[in-house]
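Each reported figure results from applying straightforward, stated rules to the coordinates on display, with no laboratory input. Note that the coordinates shown come from a computational prediction; the quantities given were computed from them, not determined experimentally. Counting neighbours? That spans all protein chains shown, and the Cβs are built from the backbone with ideal geometry, glycine included.
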Ligand SMILES: Cc1cc2nc3c(=O)[nH]c(=O)nc-3n(C[C@H](O)[C@H](O)[C@H](O)COP(=O)(O)OP(=O)(O)OC[C@H]3O[C@@H](n4cnc5c(N)ncnc54)[C@H](O)[C@@H]3O)c2cc1C
Ligand SMILES: Nc1ncnc2c1ncn2[C@@H]1O[C@H](COP(=O)(O)O)[C@@H](O)[C@H]1O
């Protein structure tokens, strides 16, 4: 029997989280490199339709892991159910997307099995028979190739966007589905989750903006936001920010861009004094053109910028605003 | 409530990083600061103590330099500190760091342990959850609010894309704290003075050696990421840069 890769897809309320397809693409690439086979698992209460959806992809088998205790999600129940599955099926490698839910339970699951998780990976390498996982370190300033130094099962999670979900290959025929009943005792679950909700309604919708001028901690003080606002106004664009700016209350929360804020795709995204942490980048990398101003030439934002200005934003922004106004007045 | 706060010292946000000779870690001669969410975790612990009385203990593992984060925490109001002091602690994976912490606190009885939701250097996003599992405690991650009630606590978890969820849970528990949960305080002069007399318990590598094992994951190499996108640098004086940019905005990007 060849070694297997088990992909645990994510679902909420009967809908697959689309990053699940990215993890399947990753598994298919690793399978090509290693010759291992792929199985998938979906855990919840009504999983058969989801399992069928996953079974259409090029995978050998899909496990529908069922228990009434899996709804609503708790880390205790998920870790218990998946531990049973992994113990029974003995995959070599377990892959999941690095979502908030996965980061909530996968370290617990791996620890319960005496194993480690290589988390938030952006790629893999297969060198001389050794599997290495690439992950960002130091907030994206450096990257590391990391190997497992323990016996299987190995656990790894992939960052949102690391692979293309639309490239997940379909299978020639639907894969077999096996329903697995998870046994979860009442006493296992200690947390009582309430309903998921959204805070106050968003007042601004940045998703439709064509031009976004976004400001980060490089702005230093609240009063300096005014300078950026003037540039945004001159450009006829919307003002947005990185999380620390909204956390400090310098701009309202609904102007935050990133994994816990809005995801935007404007024609132009101007990033001023933003370092380019992955949680910010996932919210704006779809912009057609990215211009970044940062005094640190090694800031990760420059890795995705089309135009880079290494310099002090306090020197650059005022003349830029003037120049924009001048050109607009002339046209 | 008796609360333990895990606080890590990490390179300063804009410190220029260089690889060391092994090319598996950085040269350590950079400036350091406290890991950002850990500062929020300390603030939250101090606020909980102000509301419910109790004790706030801070813990770090790392070389002598990392004592600075404990000093700052004591100056802000933490009651005492635990320092797992050895250069070797820097190289531990999240699994073994958590094991070392569990061993160092085995004679204590905490109601709550706070960690940051992730570290700025390794970024594992795991240490707190692993520690909870080692202790056999429940946990909740990415926490934005904590209220004590009769049976335990009610916490507010941040979920993706602006969603939240309240979770009720018993104590003792481990929580991983998100930046922005509160507003940080500054240390006062009196606080800094008082900190000098607050105890820091030292724990050596030998003290916890039997509890930890070899790392379960290994950094084979560290490197500067390769750029995948072609980036055009715009240079010159600020006035020249402004002119060049506006020209691009108008003639190439057509947003003006
Ligand atoms: C679970 C989770 C969710 C998160 N969600 C989000 C999210 O939705 N959105 C988000 O933005 N972040 C999010 N974050 C936080 C993210 O990891 C970063 O901490 C954050 O994006 C950093 O913001 P920043 O770039 O403004 O600040 P910093 O990282 O502090 O960067 C400031 C930058 O400004 C530069 N600078 C300083 N002075 C100047 C100057 N005078 N001129 C020019 N440049 C200057 C510096 O070189 C530096 O690069 C999240 C984190 C986690 C763990
Ligand atoms: N060496 C350390 N010293 C103190 N706290 C740590 C250490 N390593 C991790 N932590 C805590 O665990 C959290 C998560 O770290 P990580 O799992 O590395 O992302 C940090 O925010 C800290 O609160």
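Of all residues in segment A:208-246, those being more than 14 Å from ligand 1 (Cβ to nearest atom), at negative phi, within 13 Å of chain B (Cβ to nearest Cβ) and out of contact with any strand residue (DSSP E or B) (no Cβ under 6 Å at 6 or more places or on another chain) number 2. Of all residues in segment A:184-207, those satisfying the criterion of being more than 10 Å from chain B (Cβ to nearest Cβ) and surrounded by 11 or more Cβ atoms within 10 Å (Cβ to Cβ) are A:184, A:188, A:204, A:205, A:206, A:207.
The single condition from (1) within 16 Å of residue A:29 (Cα to Cα); (2) touching a strand residue (DSSP E or B) at 6+ places or on another chain (Cβ under 8 Å); (3) more than 7 Å from every other protein chain (Cβ to nearest Cβ); (4) surrounded by fewer than 24 Cβ atoms within 10 Å (Cβ to Cβ) that residue A:86 fails is (1). Scanning segment B:211-235 for residues that are over 28 Å from the mean Cα position of the chain (by Cα) and more than 7 Å from every other protein chain (Cβ to nearest Cβ) turns up B:228, B:230, B:235.
Does residue B:184 count as within 16 Å of ligand 2 (Cβ to nearest atom), more than 9 Å from chain A (Cβ to nearest Cβ), under 17 Å from residue B:35 (Cα atoms) and assigned to a loop (DSSP other than H, G, I, E, B)? Judged against the criteria, residue B:184 is a match.
Among the residues of segment B:164-180, the ones that are closer than 19 Å to residue A:196 by Cα and facing chain A (nearest Cβ under 7 Å) come to 6 in all.
Pull up segment B:37-65, narrow it to residues that are within 14 Å of chain A (Cβ to nearest Cβ) and within 11 Å of ligand 2 (Cβ to nearest atom), then point me to the one that is nearest to the chain's Cα centre (by Cα). Within segment B:37-65, the match that is nearest to the chain's Cα centre (by Cα) is B:37. If you go through segment A:258-268 and keep only what is within 12 Å of chain B (Cβ to nearest Cβ), buried (at least 17 other Cβ atoms within 10 Å of the Cβ) and under 13 Å from residue A:205 (Cβ atoms), you end up with A:261, A:262, A:266. Listed by position, the strands (runs of 3 or more DSSP E) enclosed by segment A:95-194 that each have at least 3 residues that are in contact with a strand residue (DSSP E or B) (Cβ under 7 Å, 6 or more places away or on another chain) and more than 30 Å from residue B:215 (Cβ to Cβ) are A:176-181. Just one of the numbered conditions (1) over 20 Å from residue A:221 (Cα atoms); (2) within 9 Å of ligand 1 (Cβ to nearest atom); (3) within 11 Å of chain B (Cβ to nearest Cβ) is not true of residue A:275: (1). Taken over segment B:26-66, the criterion of being part of a loop (DSSP other than H, G, I, E, B) and out of contact with any helix residue (DSSP H, G or I) (no Cβ under 7 Å at 6 or more places or on another chain) is satisfied by B:27, B:28, B:29, B:30, B:31, B:35, B:53, B:54.
Within segment B:131-150, the set of residues being surrounded by fewer than 18 Cβ atoms within 10 Å (Cβ to Cβ) and more than 11 Å from chain A (Cβ to nearest Cβ) comprises B:145, B:147, B:148, B:149, B:150.
Looking for something within 16 Å of ligand 1 (Cβ to nearest atom) and without any contact (Cβ under 8 Å) to a residue 60 or more places away in the chain - is there at least one such residue anywhere in segment B:57-69? Among the residues of segment B:57-69, not one is within 16 Å of ligand 1 (Cβ to nearest atom) and without any contact (Cβ under 8 Å) to a residue 60 or more places away in the chain, which makes the answer no.
The set of residues in segment A:278-308 that are closer than 14 Å to residue B:231 by Cβ, within 13 Å of ligand 1 (Cβ to nearest atom) and more than 23 Å from the chain's Cα centre (by Cα) comprises A:293, A:294, A:297, A:308. Could you check, for segment B:107-128, whether at least one of its residues is more than 14 Å from chain A (Cβ to nearest Cβ) and out of contact with any strand residue (DSSP E or B) (no Cβ under 7 Å at 6 or more places or on another chain)? The answer is yes; a qualifying residue exists.
At least 2 residues being within 14 Å of ligand 1 (Cβ to nearest atom) and touching a residue at least 12 places away in the same chain (Cβ under 8 Å) is the threshold, and among the strands (runs of 3 or more DSSP E) wholly inside segment B:79-164 those reaching it are B:112-116, B:139-148, B:153-158. Take residue B:74 and tell me if it is within 10 Å of ligand 2 (Cβ to nearest atom) and either more than 14 Å from every other protein chain (Cβ to nearest Cβ) or part of a helix (DSSP H, G or I) (or both). Considered against the rule, which asks whether it is within 10 Å of ligand 2 (Cβ to nearest atom) and either more than 14 Å from every other protein chain (Cβ to nearest Cβ) or part of a helix (DSSP H, G or I) (or both), residue B:74 comes out as no.
Of the residues making up segment A:26-50, just one is assigned to a strand (DSSP E or B) and surrounded by fewer than 19 Cβ atoms within 10 Å (Cβ to Cβ), namely A:37. Restricting attention to segment A:208-232 and to residues that are more than 24 Å from residue A:296 (Cβ to Cβ) and touching a helix residue (DSSP H, G or I) at 6+ places or on another chain (Cβ under 6 Å), the residue that is surrounded by the fewest Cβ atoms within 10 Å (Cβ to Cβ) turns out to be A:230.
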